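These notes concern the structure reproduced below.
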Amino acid sequence: MRGFGRELSRVWSAVPKASFVRYLTMRTVVDPPVSLSLVSFTEEPYPSFKNILLLDSEGKRVAVKYYADDWPTQAAKLAFEKSVFTKTQKTNARTEAEIAMFDGYIVVYKFIQDLHFFVTGGDNENELILSTVLQGFFDAVGLILRNNVDKRTALENLDLILLCLDEIIDGGIILETEASVIAGKTTSDSLDGMSSLSEQTISQALATAREHLARSLLK
Amino acid sequence: MAQPLVKKDDDQEDEEYSPFLGIEKGAVLQEARVFNDPQLDARRCSQVITKLLYLLNQGETFTKVEATEVFFAVTKLFQSKDTGLRRMVYLMIKEISPSADEVIIVTSSLMKDMNSKTDMYRANAIRVLCRITDGTLLTQIERYLKQAIVDKNPVVASAALVSGIHLLQTNPEIVKRWTNEVQEAIQSRAALVQFHALALLHQIRQSDRLAVSKLVTSLTKGSVRSPLAQCLLIRYTSQVIRDSSMNSQTGERPLSDYLEACLRHKADMVIVEAARAITEFSGVTSRELTPAITVLQLFLSSSKPVLRFAAVRTLNKVAMTHPLAVTNCNIDMESLISDQNRSIATLAITTLLKTGNESSVDRLMKQISNFMSDIADEFKIVVVDAIRSLCLKFPLKHRSLMNFLSNILREEGGFEYKKAIIDSIVILIRDIPEAKETGLFQLCEFIEDCEFTYLSTQVLHFLGNEGPKTSDPSKYIRYIYNRVILENATVRAAAVSTLAKFGSIVESLKPRIFVLLRRCLFDSDDEVRDRATLYLNTLGWDGSVGEIDKGVKEFLFGALDVPLVNLEASLRSYEPSEEPFDLSAVPKEVKSQPLTEKKAPSKKPPSFGVSANGPTSPIDAYEKLLSSIPEFSSFGQLFKSSAPVELTEAETEYAVNVVKHIFSGHIVFQYNCTNTIPEQLLENVVVIVDASDAEEFAEVTSKPLKTLPYDSPGQTFVAFKKPDGLPSTGRFSNLLKFIVKEVDPATGEAEEEGVEDEYQLEDLEVVAADYMLRVSVLNFKNAWESMGPDYERIDEYGLGVRESLAEAVTAVINILGMQPCEGTDVVPNNARSHTCLLSGVFIGNVKVLVRLSFGIDGPKQVAMKLAVRSEDEAISDAIHEIVANDEAISDAIHEIVANG
């Protein structure tokens, strides 16, 4: 604190008396002007996320969640997903999470089977924080799907995947990064109900031919 | 557990199978009627919600009516006790985001859940309620939210804190009342609660600098647990450092020890955050940089791409301002050129291009050529910009670099990419005379096959200005006339103008140019014909004009010497009349000067951080500004402009900083003033400078600022005469004088009457370093030897007790204001001795080289041997005098002793 004490006394001594009086009278009437310089200096005050994407091996959506207004329309969102997908398609992101930078965003991603996991942040963001969230999401999905991580199982358990997304990030702010905690929060509540979509599909799959299955689901 | 297995057997053949195959919005909305059943089937309801969410997720939208219907139906599900279903209900409400009048339906259910015994209900109900609520409702639930912040279940506490962060945007006055609870939550043992509480508390207090610095100081003492919270603390710490450095101009940064300690944290994310914070200090010293760069260097060879990327990106940024500090990483960097990850490879290359030395250029270019073919345009542009800067740095290498540029110019590429290449070639031609002929020829070849009209016209314009001045102008004519035959009207018109320029300057080509221009008289386009006619007549093809007079030349080549904005404004106000529009009446002064806003980094920095030494440097801009002021035109060539020095504390009503412009026999202080009070208009702003402590200076003129409205910076100048060519020093005290007029905030109009007022500014010093240009030499040893020992002066100095060798080295470099060469400003840790090489150009354009040898003994006594070579004996002596007389050195001794 030594430094700040000195700072303060310098601030006051530098203000001449006449203007100090005016300073007081003015500031009591009007709100002090927001110090613009301060605001523009700060980068993101806390890590913030643009979106989380879970796409399949053709770039189609399995589950996505957007937190920022950077892509106001559905078309803009799809265009972004397409560009992310094509730009990362050829990379090998199966053992270690990969990273790419384009259009002023940083995207970390990891693939498994026919699923592509993406987490997007602004280009000032700490890459390691982004990848921690990606890893949390990736591992949590693995736990939820009991290591059967592929598109079909993911779609059959879409409710859990969506809950999982909901537990990781809230409005762009990290809520939880620990995979076991995330998975615990999504599954423990629904275990008793066994409400996942898969059970129903099984019973009906046994009863009807596959073509009819989809229609019977909708009745 | 058994189910997934059964499923697998069942559908193995069909890969396209999806549980949502053939799903339709209408049908699902029908299905949603089950929500209204008196006997709720929780499982089925969950499935229907999942389908609805699936549809929304795929981009399907519900109409207003549909959304309302679904929302009301979903609210019925609060009757069910099934926890899984309840989770889906929460999710669904958030997705639908009901309108304000609908929210009321679920409020009571959610408020009940907020007080439930089940933690999961409490946490989720808070998040949902805070998402959909408005200000009036918030006051009702505020009490519960405060409780939730200190809830012993971390999930509930986090939910309330995160909601608080969101609500702060819309209802700051309410959230600010929670400070006590948030402060309690910061002490939580749960890692994420602490993280969220810290983020919220900082947001609440962000405008109160003192509170933020208190918060940071207390937390850096070591009660923060999670890596995420550490990262926040690092961000806030560097903000505090930045704020305090605006006020105190020298000395140790507070809290930098904490950041350095973070470099040894076990979590990578904390290390990266800390390293980045350190490298972004304004005016960071080598001693501060070294530990950060060392950890980043280790990351360069990590097996994790994310870590490699983070490291190379940070080093890339450092290389822009401190290329020498990064040279130690060059070997690791070179191995990254072949990295699988193209982003990493591009960053590595551009870093190498910034840090590389002359001998490595050729090798580097070979490596890049292979790499260019398989990267995207946006990466290529980054590389092109980096190559341009490299070529300006090593003009001798222009041949291989220009060759590289012309090779890639022939390859496929989009407009932005080609434009970047063309811009680079143009800049290189302008700055490196030897490269001119080859460069122009490359441009000629390019327009032979160019699909972009804009680029063709740009090149033609440039050819017209530069081509006639070459040794054999006639060889360009063919390329230009081809454009008249082959291209669209816009390009044809540009080509006609270019031909005319050749004709007007090169007398021998004139008859042939006339022939070509006469052919253009039959062009199908009006503009092309008009231009041809105009040029034929002004150049006098019929022999009516013997010598081309000066007016014609000016007309053809003269740049418009008025700012386009001003011209536009004048043309708009010109009313059609007998009186012709007078170009000379257009004001030439540029109204607002963006110069003062240099310090704030722009919102979106270029993604790969291409260095800013493009076409206009700040010096260029200053030169332009000063030369536009007639009073200063007699001062001659501008020698050096200092960085802005703040003369006021941050956040005072008038912000003033000063730039010192050094001329041979004069010095000009440029005061950049900003009025931060909306209710005031300042007029006749002048700075009264008292130079009684600067005997060698005499004020010659001062240029007041007529008006200074709120928040639009303006400049006032004061000029002094000083002994010609000598490094006179002195101290100046400054007083800002002006007339204040009150401004009515409603109308924005100022009152007639003003009051005279004054405002004390801080003192300003002109020191010896102001007369030294930082100019680096490429090979210090060669330069040293070729300078010869004729005017060498050697002496030894005791610098007293120093904190470290590095600190002493930095202090001496700053006093001399010279450019450290070959990375010798970096002192290895625990070194007992060090040699530092400096170069610079002293006022009067005298080259100066300095070799400093430092040694430190047990009780931290530092001794220094200073060897100076220059082109002038007197200057060599002057350098010694600077060091011998410098108060900062002796001051520094006292300071260190006092601080223990």
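For chain B, build the charge dipole from Cβ charges (+1 Lys, Arg; -1 Asp, Glu) around the Cα centre, then report which of B:Q340, B:V841, B:T83 sits farthest towards its positive end.
B:T83
Run the helix sum for chain B: -39,500 (n - 2.57) per DSSP H stretch of 4+ residues, divided by residue count, reported at 222 nm to the nearest 500 deg cm²/dmol.
My calculation for chain B gives -16500 deg cm²/dmol from helical runs alone.
Add +1 for every Lys or Arg and -1 for every Asp or Glu among the other residues with Cβ under 12 Å from the Cβ of B:T107, and state the total.
Summing Lys/Arg as +1 and Asp/Glu as -1 gives -3.
In square angstrom, rounded to the nearest 10, how much accessible surface does B:Y479 have for a 1.4 Å probe?
Roughly 20 Å² of B:Y479 is accessible to a 1.4 Å probe.
Give the cross-link partners of B:K176 among the lysines, using a straight C-alpha distance below 19 Å as the criterion and excluding same-chain residues fewer than 8 apart.
Correct list for B:K176: B:K146, B:K214.
With charges only on Cβ, +1 for K and R and -1 for D and E, what is the dipole size of the stretch B:357-446 about its Cα centre, in debye, rounded to 20?
260 debye
What does the average come to when, for each residue of peptide B:338-344, you count the partner chain Cβ atoms lying within 10 Å of its Cβ?
Other-chain Cβ atoms within 10 Å of each residue's Cβ, averaged: 4.
Under the Kirkwood approximation applied to all pairs of distinct alpha-carbon atoms, what is the hydrodynamic radius of the stretch B:692-795 in Å?
Roughly 18.7 Å, rounded to one decimal.
Report the FRET efficiency, 1/(1 + (r/R0)^6), for B:S634 and B:K703, where r is their Cβ-Cβ distance and R0 is 22 Å, rounded to 0.05.
So, using R0 = 22 Å, E works out to roughly 0.95.
With Kirkwood's inverse mean 1/r over C-alpha pairs for Rh, give me the Rg to Rh ratio of the stretch B:357-446, two decimals please.
Here Rg/Rh amounts to 0.93.
Give the share of C-alpha pairs in each 10 angstrom bin for chain B, from 0 to the last occupied bin, in whole percents, shortest bins first.
The distribution over chain B is 2, 9, 13, 17, 19, 17, 12, 8, 3, 1, 0, given as percents.
Pairing the Cα long axis of helix B:42-57 with the longest principal axis of chain B, what angle in degrees results, from 0 to 90 and rounded to the nearest 10?
20 degrees
Rg to Rh for the stretch A:79-125: what is it, with Cα atoms only and Rh by Kirkwood?
0.94
For helix B:564-573, what angle does its Cα long axis make with the longest principal axis of chain B, in degrees from 0 to 90 and rounded to 10?
Here the helix axis deviates by roughly 90 degrees.
Go through A:D150, B:D243, B:D582 and list them by solvent-accessible area, largest first, probe radius 1.4 Å.
Reading off the accessible areas and sorting them downward yields B:D582, A:D150, B:D243.
Please compute how much accessible surface disappears when B pairs with A, both sides summed, using a 1.4 Å probe, and round it to the nearest 100 Å².
Roughly 9400 Å² of accessible surface disappears when B and A pair.
Placing +1 at every Lys and Arg Cβ and -1 at every Asp and Glu Cβ, with all other atoms neutral, what dipole size does the stretch B:653-745 have around its Cα centre, in debye to the nearest 20?
Taking the Cα centre of the stretch B:653-745 as origin, the dipole is about 320 debye.
Of B:K81/B:K112; A:K60/B:K380; B:K781/B:K865; A:K50/B:K419; B:K354/B:K393, which pairs sit farther than 20 Å apart, going by alpha carbon to alpha carbon?
Long pairs (Cα-Cα over 20 Å): A:K60/B:K380; A:K50/B:K419.
For B:R131 and B:A211, what does the FRET efficiency come to when R0 = 30 Å and r is the distance between their Cβ atoms, rounded to the nearest 0.05?
Once rounded, the FRET efficiency stands at 0.55.
Any idea what log10 I(q)/I(0) is at q = 0.16, 0.17, 0.19, 0.21 Å⁻¹ for the stretch B:771-898, Debye with uniform C-alpha scatterers and no solvent?
Values, matching the q order: -0.75, -0.84, -1.04, -1.24.
So, counting K/R as plus one and D/E as minus one, what does the shell of residues with Cβ under 12 Å around B:L168 add up to?
Charge balance in the 12 Å sphere: +2.
Please report the spacing between the Cα centers of the stretch A:133-165 and the stretch B:663-738 in Å, no decimals.
Comparing the Cα centres of the stretch A:133-165 and the stretch B:663-738, I get a distance of 66 Å.
Where the only charges are on Cβ atoms (+1 Lys, Arg; -1 Asp, Glu), what is the dipole of chain B about its Cα centre, to the nearest 20 debye?
It comes to approximately 3280 debye.
What does the charge count near B:E785 come to, summing +1 for each Lys or Arg and -1 for each Asp or Glu among other residues with Cβ under 13 Å from its Cβ?
+1
Just to make sure I understand: if all protein chains stay in place, what is the order of A:D114, B:D724, B:D523, B:D763 by accessible area at 1.4 Å, largest first?
Per-residue accessible area, sorted high to low, gives B:D724, B:D763, A:D114, B:D523.
Putting +1 on Lys and Arg Cβ atoms and -1 on Asp and Glu Cβ atoms, find which of B:G413, B:N370, B:L440 reaches farthest to the positive end of the dipole of the stretch B:357-446.
Highest projection toward the positive end goes to B:L440.
Want the number for B:R33 to B:A746: 0.36 nm per residue separation, take away the alpha-carbon distance, what's left?
Fully extending the segment from B:R33 to B:A746 adds 251.1 nm.
Does anyone have the angle between helix B:286-300 and the longest principal axis of chain B? Alpha-carbon axes, 0 to 90°, nearest 10?
Approximately 60 degrees, to the nearest ten.
The values are calculated or read from the model by the stated rules, or taken from the named source; none is laboratory data. Treat the numbers as computed from the prediction; the structure is a model and nothing was measured. Note that each Cβ is placed from the backbone with ideal geometry, even for glycine, and that neighbours are counted across all protein chains shown. Accessible surface areas use protein heavy atoms only, side chains included; no ligands, DNA or RNA. Shrake-Rupley method; radii C 1.70, N 1.55, O 1.52, S 1.80 Å.
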